[in-house]
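These notes concern the structure reproduced below.
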Amino acid sequence: MRVYVPLTLSGLAEAYKAGELGPGPLTAYAVTPALREWYVSDDIEELEYAALSRAAAGSLRLLAGDPEAARRRVVVAVDVPDGAAVADPGQGLGAASLGEVRIASAVPLAKAASVHVDADEAHADVSAAADALGAADHGDDDAQFIVDGAEDHELLWFGVQEIAGLID
């Protein structure tokens, strides 16, 4: 099963040094029944893109909680055994939890398929979105507009062998 783990660049550096994403439990995003129902598509590529987008939003939340972190969203795509990622069936269709899964233990970085990171030109919008996230969560429409602006930036794809260059 492919899951998408939200991180920051410093979190990616820690994972690279440790050789694993963890410790568990890890929050990740995947194509869950709730995500399928919300997205209303049978196209697996579209559904995986939706899960990746949910993970990018999770990365933005990590950035909002760490003012010292570099303002670039980071998502690691990892393959885990079926059953290793568990969705909370009681979560329902809340926008913040769509596609959210838990992985009980650390995942070796060798299981990573790819890394997705914001381009340098996304810095200003991602930084503004991280700063506005709290107000957006409290219903501020202007702040939500700013948060949505970060979603206009596609994450770039990197091979796992390129992690060392990303964290320098």
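The values are calculated or read from the model by the stated rules, or taken from the named source; none is laboratory data. Computed from a prediction, not measured in an experiment: that's the story for all the values here. Virtual Cβ from ideal backbone geometry, glycine too; neighbours counted across all protein chains shown. Only protein heavy atoms, including side chains, enter the accessible area calculation; ligands, DNA and RNA are left aside. Shrake-Rupley method; radii C 1.70, N 1.55, O 1.52, S 1.80 Å.
ASP82 satisfies every condition listed in (1) of a type in the set (Asp, Glu); (2) assigned to a helix (DSSP H, G or I); (3) surrounded by fewer than 13 Cβ atoms within 10 Å (Cβ to Cβ) except (2). Within the bounds of segment 67-75, is there any residue that is in contact with a strand residue (DSSP E or B) (Cβ under 6 Å, 6 or more places away or on another chain), crowded, with 21+ Cβ neighbours inside 10 Å, modelled with pLDDT of 95 or more and under 29 Å from PRO33 (Cβ atoms)? Checked against the condition, which is being in contact with a strand residue (DSSP E or B) (Cβ under 6 Å, 6 or more places away or on another chain), crowded, with 21+ Cβ neighbours inside 10 Å, modelled with pLDDT of 95 or more and under 29 Å from PRO33 (Cβ atoms), segment 67-75 yields at least one hit.
Looking at ALA50, ALA104, ALA87, which one is open to solvent by less than 20 Å² (accessible area, probe 1.4 Å), at pLDDT below 95 and more than 17 Å from THR8 (Cβ to Cβ)?
Details: ALA104 fails: open to solvent by less than 20 Å² (accessible area, probe 1.4 Å); ALA87 fails: open to solvent by less than 20 Å² (accessible area, probe 1.4 Å).
So the residue among ALA50, ALA104, ALA87 that is open to solvent by less than 20 Å² (accessible area, probe 1.4 Å), at pLDDT below 95 and more than 17 Å from THR8 (Cβ to Cβ) is ALA50.
Could you list, in sequence order, the residues of segment 26-46 that are closer than 13 Å to MET1 by Cα and either out of contact with any Asp or Glu (no Cβ under 7 Å at 6 or more places or on another chain) or among the hydrophobic types (A, V, I, L, M, F, W, C) (or both)? Show your work before the answer.
Keep residues of segment 26-46 that are closer than 13 Å to MET1 by Cα, which gives 28-32, 44.
Answer for segment 26-46, where residues must be closer than 13 Å to MET1 by Cα and either out of contact with any Asp or Glu (no Cβ under 7 Å at 6 or more places or on another chain) or among the hydrophobic types (A, V, I, L, M, F, W, C) (or both): ALA28, ALA30, VAL31, THR32, ILE44.
Scanning segment 99-153 for residues that are out of contact with any helix residue (DSSP H, G or I) (no Cβ under 6 Å at 6 or more places or on another chain), more than 19 Å from LEU52 (Cβ to Cβ) and of a type in the set (A, V, I, L, M) gives ALA104, ALA106, ALA110, ALA124.
Can you pull out every residue in segment 1-46 that is in a loop (DSSP other than H, G, I, E, B), among the polar types (S, T, N, Q) and surrounded by 15 or more Cβ atoms within 10 Å (Cβ to Cβ)? Steps first, please.
To start, the set of residues in segment 1-46 that are in a loop (DSSP other than H, G, I, E, B) comprises 1, 8, 19, 22-25, 30-32, 40-43.
Then keep just the ones that are among the polar types (S, T, N, Q); that gives 8, 32, 41.
Correct list: THR8, THR32.
The C-beta contact set for segment 65-77 (first residue in contact (Cβ under 8 Å) with a residue 12 or more places away in the chain and farther than 10 Å from LEU12 by Cβ, second residue open to solvent by less than 10 Å² (accessible area, probe 1.4 Å) and assigned to a strand (DSSP E or B), distance under 9 angstrom, 6+ apart or interchain) comprises ARG73/VAL117; ALA77/VAL3; ALA77/VAL5; ALA77/SER114; ALA77/VAL115.
Here's a check for you: in segment 121-153, which residue that is open to solvent by 90 Å² or more (accessible area, probe 1.4 Å) and free of Cβ contacts under 8 Å to residues at least 12 places away in the same chain is nearest to ALA57 (Cα to Cα)? Checked segment 121-153; the qualifying residue nearest to ALA57 (Cα to Cα) is PHE145. For ALA130, state whether it is modelled with pLDDT of 95 or more, closer than 18 Å to ARG73 by Cβ and assigned to a helix (DSSP H, G or I). The answer is yes for ALA130. Count of segment 22-56 residues, restricted to those that are touching a strand residue (DSSP E or B) at 6+ places or on another chain (Cβ under 9 Å), more than 22 Å from PHE158 (Cβ to Cβ) and free of Cβ contacts under 8 Å to residues at least 60 places away in the same chain, is 0. If you check ALA64 against the conditions, is it within 20 Å of ALA136 (Cβ to Cβ), more than 11 Å from the chain's Cα centre (by Cα) and open to solvent by 40 Å² or more (accessible area, probe 1.4 Å)? The answer is yes for ALA64.
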